[in-house]
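The values are calculated or read from the model by the stated rules, or taken from the named source; none is laboratory data. Worth saying up front: this structure is predicted, and the values here are computed from it rather than measured. Backbone-built Cβ (ideal geometry, glycine too); neighbour counts: all protein chains shown. The protein model used for the area step is the full one, side chains on, heavy atoms only, and it has no ligands, DNA or RNA in it. Shrake-Rupley method; radii C 1.70, N 1.55, O 1.52, S 1.80 Å.
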Amino acid sequence: MTTASVLALLAAAAAAGLPRVEHPAKNDGSLSLLVVGDWGRKGSYNQSRVADQMGKVGEKLNIDFVISTGDNFYENGLTGVDDQAFEESFTDIYTAKSLQKPWYLVLGNHDYRGDAVAQLSPVLRKIDERFICMRSFIVNAEIVDFFFIDTTPFQLKYWTHPKDDHYDWRGVTPREKYIADLLKDMDDAMKKSTAKWKIAIGHHTMRSVSDHGDTKELLQLLLPVLKVNDIDFYINGHDHCLEHISSRDSPIQYFTSGGGSKAWRGVFQPNDDKLQFFYDGQGFMSLQLNQDQADFIFYDASGNILYQWSRSKPNHLQPFTYITEE
């Protein structure tokens, strides 16, 4: 599916409720994608190395699209739609043929510190048609619904104690109404979903053992919506690492893919849930889905496989072995 056709559907989707993008799966019903977060540093801090490996894995898996978990441009987002950082951190970095697919992006807290509205502008899509960024939206890929959630407004300290940072809250205030409306829209959309898999995407950590740790506002406000609607996975960035954490009180699995550039923070703080995997470094994640199984793999900046995990339906946990080519 071309990016142009995705955008045509996108324009038609932005009616009542959440914008919805239809992105068909492959002819055999499967889907392959990459997930990267916290990357936009004009190629520095190994961003270019991660991008190179994403290109190689993307070609091998014949990916359908890329998901960005936010913090797309450091340190303070974009200054406007004409900011050269857009091309220097995105277009000029992710040049591999396999990455010339739609990129579905959420905003991170660093994006909100600049001109957040600029990242939502169709002007950027004229510069690079891959870039499809909205606050909150749904991507339906037949066997799976991805629910992209704007998590930055949830974190109260950005509003009450911004320190020296300025946040672009245009279109978000008042906070309480924005969050209440968003949670209602998400709950409604999740209840209507008939997809085999339901996956939530946000920038902020729900569960994390790294620097930022758990985000209490998401645990209090968003997690109950995910649980009641049988969401399978919550995927985020924010912490600059790679993680897999299993919930002890629900089937939800938490995946952090925030290793797109600057990492190695040296922080480890266990939480109450079950830690399956933690890598305090740079890298990215792949996800392959079909009707019966979801396969996750984490890669480092050299393309080495660090960890792989699979879930099957109806069997919740089933071992899976990959045969990889040298």
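Listed by chain and number, the lysines whose alpha-carbon sits under 27 Å from that of Lys177, ignoring those within fewer than 8 places in the same chain, are Lys157, Lys163, Lys191, Lys192, Lys198, Lys216, Lys227. Enumerate the lysines that Lys56 could reach by cross-link, defined here as Cα to Cα under 17 Å, with residues fewer than 8 away along the same chain left out. Hits, sequence-local ones excluded: Lys97, Lys101. The stretch between Asp187 and Phe268 holds 25.9 nm of extra length on full extension. This uses 0.36 nm per residue minus the Cα-Cα distance.
Normalised by 2.2 N^0.38 Å, where N is the number of residues, the C-alpha radius of gyration of segment 152-277 stands at 1.10. Computed from phi, the 3J(HN,Hα) profile of segment 17-27 under the Karplus parametrisation 6.51, -1.76, 1.60 (θ = phi - 60°) reads x, 7, x, 10, 10, 9, 10, x, 6, 5, 4 Hz, with x in place of Gly and Pro. For Asp239, the amide hydrogen comes within under 5 Å of the amide hydrogens of Thr205, counting only partners 5 or more places away or on other chains and with H modelled in the peptide plane. Under the √(5λ) rule applied to the eigenvalues of the Cα gyration tensor, what semi-axes describe the equivalent ellipsoid of segment 91-214? Give them in Å, descending. Ellipsoid semi-axes (Å, largest first): 24, 21, 15. Taking Lys and Arg as +1 and Asp and Glu as -1, the other residues whose beta-carbon sits under 10 Å from that of Gln269 total -2.
The modelled label-to-label distance between Glu22 and Lys60, using points 7 Å beyond Cα along the C-beta direction, is 3.4 nm. Gaussian network model of the chain, Cα springs within a sub-10 Å range: biggest mean-square fluctuation belongs to which of Arg113, Arg265, Arg20? The residue with the greatest mean-square fluctuation here is Arg265. For the chain, a Gaussian network of Cα nodes joined below 10 Å ranks Val144, Val267, Val106 by mean-square fluctuation, and the top entry is Val267. Taking 7 Å steps out from each Cα toward its Cβ at Lys313 and Asp249 produces label points 2.5 nm apart.
Projecting the alpha carbon convex hull of the chain along each direction and taking the average yields 15.3 nm². Given R0 = 35 Å, the distance between the Cβ atoms of Glu87 and Lys157 translates into a calculated FRET efficiency of 0.60. Based on protein heavy atoms only, the chain ends up with 41 Å² per residue of surface accessible to a 1.4 Å probe.
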